[in-house]
1. So, R0 is 25 Å and r is the distance between the beta-carbons of residue 83 and residue 181; what FRET efficiency does that work out to, to 0.05?
2. Go ahead and run the numbers for FRET between residue 129 and residue 95, Cβ-Cβ distance against an R0 of 41 Å, rounding to 0.05.
3. Take segment 106-199, compute every pairwise Cα distance, and split them into 5 Å bins from 0; I just need the percent in each bin.
4. In whole angstrom, how far apart do the alpha carbon centroids of segment 146-192 and segment 111-129 sit?
5. Need one number: nm distance between label points at residue 139 and residue 105, each 7 Å from Cα along Cα→Cβ, rounded to one decimal.
6. Run the numbers for residue 65 and residue 191: contour at 0.36 nm per residue of separation, minus the present Cα-Cα distance, in nm.
7. Testing the spin-label approximation: label points 7 Å from Cα along Cα→Cβ at residue 149 and residue 162. State their distance in nm.
8. Suppose each label sits 7 Å from its Cα in the direction of the beta carbon; what would the residue 16-residue 199 distance come out to in nanometres?
Amino acid sequence: MTSSEGVDDDKRSTLRRFAALGASAPVAGLSESASADTGESDARDAITGYLSTTPGAHFSKIRDDLQLGTGETQHHLRRLEERGVVERYRDGDYKRFVPAGRFDEFEKRALGYLRRDTPRGMLVELLLAPESTAGDLADALEVSAPTVSKYAGELEDAGLLSREDGYALERPATVLVLVVRHADSFGDRARRLARDADQYVAYDG
């Protein structure tokens, strides 16, 4: 088998894995009916499945993780948007994508920051230890205090963090649900939080 065939096999395997998720989604019929070409349908189902597990991914990540070409990714995302399967939103320099109609504006902003290493670490750490100070976050994430301050300002501007009295997450239960539901796409710290999520949920019934 040549190296190019090996790459193609790897790509097909990746597409099939995510296409299985996409084909089981409620909107699957929309993506499958878009083309009689099996390859195109598989690619669109793969994107649909990928975004169900990795909402808020930006264009380049979708392209690279699914091993698609730039033009190919643009074409399929455009068709999926036209059919109301996915939606895009602007996050600074990024174009991010989510399954259509599933997330409100706060959740989309949160997903954008959860897709960035240091802000994600700060959000997760504040879920784990709500009393954390800027110094605590810097120590836990092994970054400088100015780095924490920089991202804290961005998170505050995005409506995800209050700095009126220390650091406090806005809508922490919503952020927790996003982290837990999509923990596998957020890395080890998020997965650890997801495993013990019941410890961080209070029931006031």
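The values are calculated or read from the model by the stated rules, or taken from the named source; none is laboratory data. Source: prediction; values computed, not measured. Heads up, the Cβs are rebuilt from the backbone with ideal geometry, glycines too, and the neighbour counts pull from every protein chain shown. Accessible surface is based on the protein model in full, side chains and every heavy atom, while ligands, DNA and RNA are left aside. Shrake-Rupley method; radii C 1.70, N 1.55, O 1.52, S 1.80 Å.
1. 0.55
2. The calculated FRET efficiency here is 0.80.
3. Percent of Cα pairs in each bin: 3, 14, 29, 27, 19, 7, 0.
4. Here the two parts' Cα centres lie 4 Å apart.
5. Inter-label distance under the simple model: 3.9 nm.
6. 43.4 nm
7. Distance between label points: 2.3 nm.
8. The two pseudo-label positions are separated by 4.0 nm.
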